[in-house]
Amino acid sequence: MTRIACLARRVIVAAATLLAVTTAAPTATARPATDPAAPRDFVALRTVDRTILQEMRYFTPHNFVGRRIDGYRQPLCVLTRPAAEALHRAQTKLLRQGYTLKVYDCYRPQRAVDHFVRWAKDLGDQAMKDEFYPRVDKTRLFADGYIAEKSGHSRGSTVDLTIVKLPVKHAGPYVPNRPLVPCYAPQDERSPDNSVDMGTAFDCFDTLSHTLDPRVRGEQRANRLLLKNTLEALGFVNLAEEWWHFTYKPEPYPDTYFDFPVSAKSLAHGR
C-alpha cells in the first residue's frame, strides 16, 4: 500500500469517527409532507471523496445561532458534481503534503438562510455573541454583510472549509453552555477544532476573517494561503471577507437558489 493510500485510509477512519460524533442525539423537527428534490447532478461529497472530513456545523448547536438550522436533516455535505470533483482533486494534492480538507458547510437550503434572517432580526437572541460576533453589534449584521437574504451556498457550488494536519487528531466534542471564547482568541483558547490555525475560527464575524487581512501573519497567513492557492488553482474563487468560503466556477446553477433539505433522501428522489 502506497504512502498516500495509507494516509487516505487513516483520514477515512477519522472522518467516520467525526460523523459518529455529529450524528449523535438528533432532535425532532417538523417536516412537510413533501419536499423538493435535488437535481440529478447534485451529489453527496462522500460518494466522490471519502477522505475529506465533514464537520457539518449547522446540523449541530455549535454555530452562531446556537441550535440546529432548518433544513439540515443529516450531517451531509451536498454539492454539484463539478464542485465535488474539484474538491477531490484538491484533496489529492493536500494529502501528498500531509494535510486533509475538512468541510463545515456545503449546499445550504433557502430555508436555512431564512432561519439565519429570522435570527438576525431577533435582537433579543444573542446567546452566541461572545464567541461568534463579540465586536459586532447585532443590529449591524445585515449592513456589514454577515447575514443576507440569499446565499451562494443555495446554488450548490459553494463550500466552507479548512485544512487539518495529518495524522488527524480528535478535537473533542462540542460542549454546549460552556463559557464562550471570542472566535479570534488564540487557537488553544477557542472552542476545540482540529484544523490548522487560521487566525480565527470558522464563521467569525470579524474583519480578522478577511482572507488577506494584514494583521494575520506568519503561520496563520501561510495556512490561509495554502488553502486559497490550492483551491484557486482548481477553479474555486475565494470570498475575500471569509478565509473559509470558496465557490467553484463556472457554477452549473448561477441564478438558482434551491430549497431541498440536506439529506440522502433529497438526492435519491427520481434516481
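The values are calculated or read from the model by the stated rules, or taken from the named source; none is laboratory data. Values in this document were obtained by computation on a predicted structure and should not be read as measured data. Ideal geometry is used to build each Cβ from the backbone, glycine not excepted, and the neighbour counts take in all protein chains shown.
Observations, loosely collected:
- The range 155-271 holds strands (runs of 3 or more DSSP E) entirely within its bounds, and those carrying 3 or more residues that are crowded, with 18+ Cβ neighbours inside 10 Å and in contact with a Leu (Cβ under 8 Å, 6 or more places away or on another chain) map to 158-165, 245-248.
- Among the residues of the range 167-189, those that are at pLDDT 95 or above and either of a type in the set (K, R) or closer than 22 Å to F116 by Cβ (or both) comprise L180, P182, C183, Y184.
- H170, sole failed condition from (1) under 19 Å from the mean Cα position of the chain (by Cα); (2) closer than 30 Å to A143 by Cα: (2)
- Residue match in the range 39-54 (condition: crowded, with 21+ Cβ neighbours inside 10 Å, within 29 Å of P134 (Cα to Cα) and not β-branched (V, I, T)): yes
- Selection of first residues in the range 136-148 that are under 18 Å from C183 (Cα atoms) and β-branched (V, I, T) and of second residues that are assigned to a loop (DSSP other than H, G, I, E, B) and at pLDDT 95 or above, restricted to Cβ pairs under 8 Å at least 6 apart or on distinct chains, gives the following pairs, ordered by first then second residue: V136/D144; V136/Y146; V136/F205; V136/D206; I147/L141.
- Out of Y104, Y72, one residue alone is within 11 Å of the chain's Cα centre (by Cα) and among the hydroxyl-bearing types (S, T, Y). It is Y104.
- Qualifying helices (runs of 4 or more DSSP H) (wholly inside the range 69-150; at least 2 residues being surrounded by fewer than 16 Cβ atoms within 10 Å (Cβ to Cβ) and either among the hydrophobic types (A, V, I, L, M, F, W, C) or modelled with pLDDT of 95 or more (or both)): 81-96, 110-121
- Against the numbered list (1) outside any loop (DSSP other than H, G, I, E, B); (2) touching a His at 6+ places or on another chain (Cβ under 8 Å), V65 comes up short only at (1).
- Pair list, Cβ under 9 Å, 6 or more apart: the range 227-238 residue under 11 Å from R89 (Cα atoms) and of a type outside the set (A, V, I, L, M, F, W, C), other residue in a loop (DSSP other than H, G, I, E, B) and modelled with pLDDT of 95 or more: T230/Q97; G235/K249; G235/P250
- When we screen V103, V113 for residues that are out of contact with any His (no Cβ under 7 Å at 6 or more places or on another chain) and farther than 20 Å from S195 by Cβ, the only hit is V113.
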